[in-house]
Amino acid sequence: RRPCAMDWQVLTRELSLYLESQVRVGFLGSGVGLSLVLGFGVAYACYYLNSIAKKPQLVASNDRFCRFLEEYCPVVTETYYPTIWCWEGRVQTLLRPFITSRPQVQYRNELIKTADGGQISLDWFDNNDSSYYPDASTRPTVLLLPGLTGTSKESYILHMIHQSEALGYRCVVFNNRGIAGEELLTPRTYCAANTEDLEAVIHHVHSLHPSAPFMAAGVSMGGMLLLNYLGKTGRDTPLMAAAIFSAGWNVFESIESLEKPLNWLLFNYYLTTCLQSSISRHRQILEKLFDMDLVMKARTIREFDKQFTSVMFGYRSVDDYYEDASPCLKLKSIGIPVLCLNSVDDVFSPAHAIPVETAKQNANVALVLTSCGGHIGFLEGIWPRKCTYMDRVFKQFVQAVFEHGNKIFSM
């Protein structure tokens with residue numbers, strides 16, 4: 001979108017007033033310094049409005065789905081203005097956990113048993129004070145899936161619950177095995193391809209509240225897991241719809257991107273150590289099946305998956321695991337409405353690996369692609385502490401599904 005005249009006038013005027021109040025006219029002995037600063041500021045504002053602030057690309061083959069989103073989730077058609085001083089993808093990715101607030105949420109924990117003798121930790125936000133849905137049996141429920149080593153304590157999960165609370169909805173967070181403080185009862189953790197635990201959780205939540213509208217939202221690896229589940233089940237799921245944020249669509253491309261020197265330094269090595277930390281306290285039960293000394297020597301996610309994840313879930317090689325874990329290969333089989341938000345500058349999911357053409361072949365799928373935002377970043381505003389663009393997409397889409405979903409379910 002080319003900026004309108006009002007955008008330019010307002011931004012330039014506000015920038016000039018601010019700089020005039022902060023910079024002395026006597027800088028460098030004259031008004032030259034102020035003129036240089038103002039000139040740079042105006043040039044930067046022009047660049048920002050021309051090249052950074054843009055409307056997202058909405059990819060959907062179903063005109064009815066598009067119209068539904070335009071009417072009830074208009075944020076996906078509006079210009080996204082990334083935080084003017086940190087719009088680059090890596091910077092957004094790194095800063096979000098430190099900048100964004102952490103809303104207070106009181107959980108009710110539940111441990112459920114699995115068929116193999118393990119246990120899964122669920123954190124419930126019941127929202128019993130909901131004035132919109134005082135009847136718990138029919139209160140809409142959102143299942144939330146955090147990222148690779150994330151739990152219910154992640155800031156992006158807390159913000160989703162905060163948004164849901166305002167709408168009167170109930171939330172339940174699916175913590176992957178062994179990372180939320182509970183003990184591993186069997187030598188098994190989790191991966192992006194195996195959906196057995198997710199299926200058990202969805203069945204459990206639905207059985208507790210069979211009359212309640214039910215949908216799910218997954219972030220990063222949680223989004224990949226949710227997509228793989230939906231690709232496997234088609235329409236045979238109690239979920240009405242799903243929202244996916246910053247999913248890695250092609251694991252091969254994601255891993256290759258994360259192994260580039262700068263990305264390895266900023267993200268890959270850190271995440272590898274997080275994975276190792278998440279299993280180290282379960283070493284006693286895991287070392288019955290794995291060479292834990294070798295696993296703890298991994299310096300990349302690929303090495304960790306080669307020595308641990310792919311072995312745990314019975315894959316012949318890490319490449320076989322990555323192929324099975326890639327949601328792009330299952331996108332055609334999804335049978336319920338799904339909205340997927342990605343930024344094209346996300347190093348975890350490179351732009352060329354986003355399955356735009358495949359998405360156009362499934363009427364149930366809509367992609368929203370922003371030019372900036374990084375990985376689970378999507379910061380906006382001068383000081384992006386509270387609400388991000390991702391939070392607004394989540395809130396509007398969840399509300400649209402629960403309150404107007406009948407308009408798309410007959411697609």
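The values are calculated or read from the model by the stated rules, or taken from the named source; none is laboratory data. In this text the structure is predicted, and so the values were computed from the model without any measurement. Neighbour counts run over all protein chains shown; Cβ positions are idealised from the backbone, glycine included. Heavy atoms of the whole protein, side chains included, go into the accessibility calculation; ligands, DNA and RNA do not. Shrake-Rupley method; radii C 1.70, N 1.55, O 1.52, S 1.80 Å.
Data overview
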quantity	calculated
Cross-link reach list, lysines versus Lys386, counting only Cα pairs under 19 Å and skipping chain neighbours closer than eight places	Lys153, Lys395
Cross-link partners of Lys332 among lysines (Cα-Cα below 16 Å; sequence separation of 8 or more within a chain)	Lys232, Lys360
Whole-number D in µm²/s for region 369-411 (Stokes-Einstein; Kirkwood sum over Cα pairs; 10 °C, 1.306 mPa s)	132 µm²/s
Heavy-atom accessible area ranking, 1.4 Å probe, most first, across Thr149, Thr370	Thr149, Thr370
Lys54 long-range amide H proximity, modeled H, under 5 Å	Tyr80
Point-to-point label distance, Glu196-Glu287, nm (Cα→Cβ direction, 7 Å offset)	2.5 nm
Pairwise FRET efficiency - Arg102 versus Asn128, Cβ, R0 = 22 Å, nearest 0.05	0.50
Point-to-point label distance, Glu256-Leu208, nm (Cα→Cβ direction, 7 Å offset)	4.3 nm
Electrostatic dipole magnitude of region 251-324 [Cβ: Lys, Arg +1; Asp, Glu -1; Cα centre; debye, to 20]	400 debye
Along principal axes, Cα extents of the chain, largest first, whole Å	76, 51, 42
Most mobile of Gly377, Gly118, Gly181 in a GNM of the chain (Cα contacts under 10 Å)	Gly181
The chain: DSSP helices with Cα axial extent of at least 20 Å and average Kyte-Doolittle hydropathy no lower than 1.0	32-47
Tail fraction, Cα-Cα pairs, region 251-324, threshold 17 Å, whole percent	44 percent
Among Phe252, Val311, Ser277 - extreme Cα towards positive end, dipole of region 251-324, charges at beta-carbon	Ser277
Share, in percent, of DSSP beta bridges within the chain that are antiparallel, nearest 5	40 percent
Distance between region 210-285 and region 111-186 - C-alpha centres, whole angstrom	16 Å
Options Leu122, Phe397, Ser101, ranked by Cα towards positive dipole end of the chain, top entry (Cβ charges)	Ser101
Accessible area per residue, Å², the chain with all protein chains present, probe 1.4 Å	44 Å²
Residue-span extension gain [Thr300 to Leu266] - 0.36 nm each, minus C-alpha spacing	11.1 nm
Listed residues Gly147, Ile52, Ala359: farthest to the positive end of the dipole of the chain (Cβ charges)	Ile52
Computed FRET value (nearest 0.05) for Asn50 with Ala166, which takes r as the C-beta separation and R₀ as 25 Å	0.10
The chain - charge dipole about Cα centre, Lys and Arg +1 at Cβ, Asp and Glu -1, debye rounded to 20	540 debye
